[in-house]
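Input: a single structure, listed below in C-alpha cells.
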Amino acid sequence: MGLRIELDPGKCSGLGLCEAEAPELFEVQDDGSLTVLDERPSTDRRAECEAAVASCPTEALRLLED
Ligand code: SF4
C-alpha cells in the first residue's frame, strides 16, 4: 500500500496553503499553478500529506491509498 496525491488543477486557487504544510511535496509556481513534487510520497509522510490535504480550502487535493 502506498500513498498517492491527486490534484484537481481546475479547483486549485494557487494560494499555497498546502505548500506551507508540506514544502517538500508542493510548490506553487510563479504563474500560480501548483506542482506536486512527489505524487507518491513515502508512507512516512502520511501526517504531512493529511495536513496538506486538510489545509486546502478548495478541496483540490485528495490523498489516495493504492
Ligand atoms: S492549498 Fe489547495 S488551492 Fe491552495 S495551492 Fe494547495 S491545492 Fe491549490
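Just so it is clear, none of the values below were taken in a lab; they were calculated from the coordinates. Just so we're clear, the structure is a prediction, and the values are computed from it rather than from any experiment. Cβ placement follows ideal geometry from the backbone for every residue including glycine, while neighbour counts extend to all protein chains displayed.
Points worth noting:
- For the pair D66 and D44 in one chain, pulling the backbone fully straight at 0.36 nm per residue adds 6.4 nm over the alpha carbon distance.
- Relative packing of peptides 51-59, 32-40 - highest average C-beta neighbours within 10 Å first: 51-59, 32-40
- Axis angle, to the nearest 10 degrees, between helix 46-55 and the longest C-alpha principal axis of the chain: 30 degrees.
- In range of the label at T58: residues from segment 1-18 whose backbone nitrogen is under 14 Å from the point 7 Å along Cα→Cβ: 7-18
- A simple count of charges around E48, restricted to other residues whose Cβ falls under 12 Å of its Cβ and scoring Lys, Arg +1 and Asp, Glu -1, yields -4.
- Inter-label distance, nm, simple model (7 Å from Cα along the C-beta direction), A20/T35: 2.2 nm
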